[in-house]
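Step one of this worksheet: look at the structure below.
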Amino acid sequence: MRLTQGQFSFLPELSDDDIRQQAQYAIDNGWAVSVEYTDDPHPRNTYWEMWGHPMFDNPDAAAVVFEVNECRKAHGSKYIRVLAFDATAGWESIRMSFIVNRPADEPGFRVVRQEGEGRIVRYTIESYAAREPEGRRYA
Amino acid sequence: MTDAQTPTPDRPATVDLAAAYEASGVKDVLNEMDSTMIGLAPVKGRIRETAALLLVDQARRQMGLATETPTLHMSFTGNPGTGKTSVANRMANLLHRLGYVRKGHLVTVTRDDLVGQYIGHTAPKTKEVLKKAMGGVLFIDEAYYLYRPENERDYGQEAIEILLQVMENNRDDLVVILAGYADRMDRFFDSNPGFRSRIAHHIEFPDYTDAELLQIAEVMLNQQNYAFDPDARAAMAAYITARRGQPHFANARSIRNALDRARLRQANRLFNAAAGPLDATALSTITDPDIRASRVFRGGLDVDRTRSRAAE
């Protein structure tokens with residue numbers, strides 16, 4: 001099951017040049033671009049591992065593509081996303097986020113039902129991949 | 001989609017180099033360089049040649065004759081104060097106009113910015129600088145300090161390896177300019193053959209002549225709304241000749257320092273001597289004594305004098 005989080009996730013995979021243009025758009029708006037990776041695809045997993053520092057003072061997006069490729073070398077079988085952080089007062093938040101790398105095989109999620117008091121049923125989802133310990137998911 | 005399916009874009013049958021020259025704005029950069037930089041004839045010549053080469057290459061690319069990005073990494077060799085950084089700035093502008101770098105900014109670094117202090121510190125530091133320079137020009141001043149043959153565990157070697165790798169793989173993204181004294185750069189290239197083969201353009205910066213330095217001094221003063229009186233101009237010419245023979249002579253930079261000190265003495269003189277109100281001419285004229293008071297006319301710096309006395 002294809003993970004659809006953030007922008008462009010229903011589109012075909014972005015090429016390096018697509019990534020460069022999107023990142024350049026973020027840089028031109030004055031946002032700090034950073035690269036993050038994870039092997040836990042749960043939608044509520046907001047804090048991914050940082051790949052280096054956010055790039056606050058790079059005028060050109062070639063540096064972002066360079067870092068994405070470096071991250072692919074080290075974590076090619078995990079999810080990698082590019083973020084753009086807007087530091088202006090009032091926003092102080094992520095303005096862009098898109099996945100640039102994903103595992104070859106994405107097993108998807110299962111529904112877990114928990115029976116509570118009375119006849120209450122609580123639903124949650126769990127990634128099949130997350131059953132394995134960290135580092136051993138996605139082969 | 002495979003290449004066979006992509007339609008070939010329309011290619012022009014002819015190109016108008018003169019029009020491309022006008023449109024790219026290269027002319028403005030070259031003219032500005034001619035008018036604002038004094039002397040440096042061989043350097044200007046080389047830059048003109050490079051600009052012509054890149055313009056032709058651009059035209060060839062439009063017609064589908066060239067596909068590879070030409071190697072644009074350069075080395076600037078010359079004595080201190082011969083305008084290497086200024087020319088690098090204009091080079092960045094030129095390459096930007098021609099579309100060979102996307103942003104055209106200049107990042108100036110020395111060994112300290114690239115090489116770390118402990119194991120594992122160098123690679124992130126160098127990569128950080130390289131990332132900052134992407135889309136522009138990376139200017140490495142006194143590049144030979146990167147390589148220290150006397151210490152085999154020096155981290156400079158690590159910085160050099162990363163640099164070489166990025167210079168080769170990211171040729172579209174950044175242009176590296178190495179700068180330094182001619183003889184030490186030659187030794188640096190001899191011990192790092194990888195660099196020599198990756199650098200296509202070696203540009204040598206000659207020393208300025210005395211007449212050029214005097215001209216530079218006047219331009220510098222004009223920019224600050226000062227002027228020489230005729231006696232002071234003669235004194236400055238004598239100063240330049242005397243200064244050249246003394247140690248630590250740094251061409252235009254020495255001149256700038258001399259002028260700063262002359263302004264200091266002029267201010268002091270006005271402060272002590274002036275009795276009545278001063279007009280604009282008095283406030284902006286450098287006179288003969290302001291220059292003649294320099295230590296250069298008494299045989300150089302005090303340290304150098306004591307050293308030569310000790311040698312006797």
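Values quoted throughout were computed directly from the atomic coordinates according to the rules given, and no laboratory measurement underlies them. These numbers were taken from a predicted model, which means no experiment stands behind them. Note that each Cβ is placed from the backbone with ideal geometry, even for glycine, and that neighbours are counted across all protein chains shown.
Of B:N93, B:N192, B:N222, which is the most mobile in a GNM of chain B whose springs link Cα atoms less than 10 angstrom apart?
B:N222
Rank B:A66, B:A258, B:A280 by mean-square fluctuation in a GNM of chain B with C-alpha springs under 10 angstrom and give only the top-ranked residue.
Between B:A66, B:A258, B:A280, it is B:A280 that shows the largest mean-square fluctuation.
For segment B:104-114, just list the computed ³J(HN,Hα) in residue order, Karplus coefficients 6.51, -1.76 and 1.60, θ = phi - 60°, integers in Hz, with x standing in for Gly and Pro.
Residue by residue, segment B:104-114 yields x, 8, 10, 10, 9, 9, 10, 3, 4, 7, 9 Hz.
Share of antiparallel DSSP beta bridges in the protein assembly as shown, in percent to the nearest 5?
Antiparallel: roughly 55 percent of the beta bridges in the protein assembly as shown.
For chain B, set up a GNM with springs between Cα atoms under 10 Å and report which of B:L214, B:L53, B:L95 has the largest fluctuation.
Top of the fluctuation ranking is B:L53.
Hey, how much of the P(r) for segment B:210-311 falls beyond 24 Å, as a percent of Cα pairs?
Taking all Cα-Cα pairs of segment B:210-311, the fraction more than 24 Å apart is 25 percent.
Shielding by partners for B:124-131, please: the mean number of other protein chain Cβ atoms within 10 Å of each residue's Cβ.
Mean partner shielding for this stretch: 3.
Kindly write out, for segment B:46-59 in residue order, the coupling ³J(HN,Hα) from the Karplus curve 6.51 cos²θ - 1.76 cosθ + 1.60 (θ = phi - 60°), rounded to whole Hz, with x marking Gly and Pro.
Going residue by residue, I get 5, 5, 4, 4, 4, 4, 4, 4, 5, 5, 5, 4, 4, 5 Hz, with x marking Gly and Pro.
Run the helix sum for chain B: -39,500 (n - 2.57) per DSSP H stretch of 4+ residues, divided by residue count, reported at 222 nm to the nearest 500 deg cm²/dmol.
Using -39500 (n - 2.57) per qualifying helix, the result is -17000 deg cm²/dmol.
Out of all DSSP beta bridges with both ends in chain A, state the antiparallel percent to the nearest 5.
Of the beta bridges lying entirely in chain A, close to 95 percent run antiparallel.
Would you mind checking which residues have amide H under 5 Å from B:I286's amide H? H placed 1.01 Å from N; only 5 or more apart, or other chain.
Distant-sequence amide H within range of B:I286: B:A227, B:F228, B:D229.
Looking only at other chains, what is the average number of their beta-carbon atoms within 10 angstrom of each beta-carbon in A:62-74?
Other-chain Cβ atoms within 10 Å of each residue's Cβ, averaged: 3.
What are the GluC sites (Glu not before Pro) within segment A:1-70 that DSSP puts in a loop, where the Cβ has at most 16 other Cβ atoms within 10 Å?
A:E13
What is the fewest-to-most order of A:Y47, B:Y100 by other Cβ atoms lying within 10 Å of their Cβ?
A:Y47, B:Y100
So if I take the centroid of the Cα atoms in segment A:23-49 and the same for segment B:155-212, what is the distance between those two points in Å?
Measuring centre to centre over Cα atoms gives 36 Å.
Mind listing the long-range amide H neighbours of A:Q7? Cut-off is under 5 Å, sequence gap 5 or more, other chains count too, H placed in the peptide plane at 1.01 Å from N.
Amide H neighbours of A:Q7: A:S97, A:F98, A:I99.
Using helices alone, what [θ] at 222 nm do you get for chain A, with -39,500 (n - 2.57) per DSSP H run of 4 or more residues, divided over all residues and rounded to the nearest 500?
For chain A, the value works out to -6000 deg cm²/dmol.
Would you mind giving the mean number of other chain beta-carbons within 10 Å of the Cβ of each residue in A:54-61, as a whole number?
That works out to 5 on average.
Could you list, bin by bin from short to long, the percent of Cα-Cα pairs of chain B in 10 Å steps?
Answer for chain B: a P(r) of 5, 21, 24, 22, 17, 7, 2, 1, 0 percent.
Report the percentage of all Cα-Cα pairs in the protein assembly as shown whose separation exceeds 39 Å, rounded to a whole percent.
For the protein assembly as shown, the fraction of Cα-Cα distances above 39 Å is 43 percent.
Which pairs break 30 Å Cα to Cα here: B:K27/B:K125; A:K78/B:K125; A:K73/B:K132; B:K44/B:K125; B:K44/B:K127; B:K27/B:K127?
Distance filter (> 30 Å) returns B:K27/B:K125; B:K44/B:K125; B:K44/B:K127; B:K27/B:K127.
Can you tell me the 0 to 90 degree angle between the C-alpha axis of helix A:16-28 and the longest principal axis of chain A, rounded to 10?
70
What are the ³J(HN,Hα) values, in whole Hz, obtained from phi via the Karplus relation 6.51 cos²θ - 1.76 cosθ + 1.60 with θ = phi - 60°, for each residue of segment A:34-39 in sequence order, with x given for Gly and Pro?
Result, ordered by residue: 9, 10, 9, 9, 7, 10 Hz.
Find the Cα radius of gyration of segment A:16-104, compare it with 2.2 N^0.38 Å by division, and give the number to two decimals.
My calculation over the Cα atoms of segment A:16-104 gives 1.03.
Distance between the C-alpha centers of segment B:79-103 and segment B:224-253? Whole Å please.
Each part's Cα centre sits 28 Å from the other's.
Taking amide H positions as placed in the peptide plane 1.01 Å from N, state which residues far from B:F205 in sequence (5 or more) or on other chains have amide H under 5 Å from it.
B:T77, B:G78
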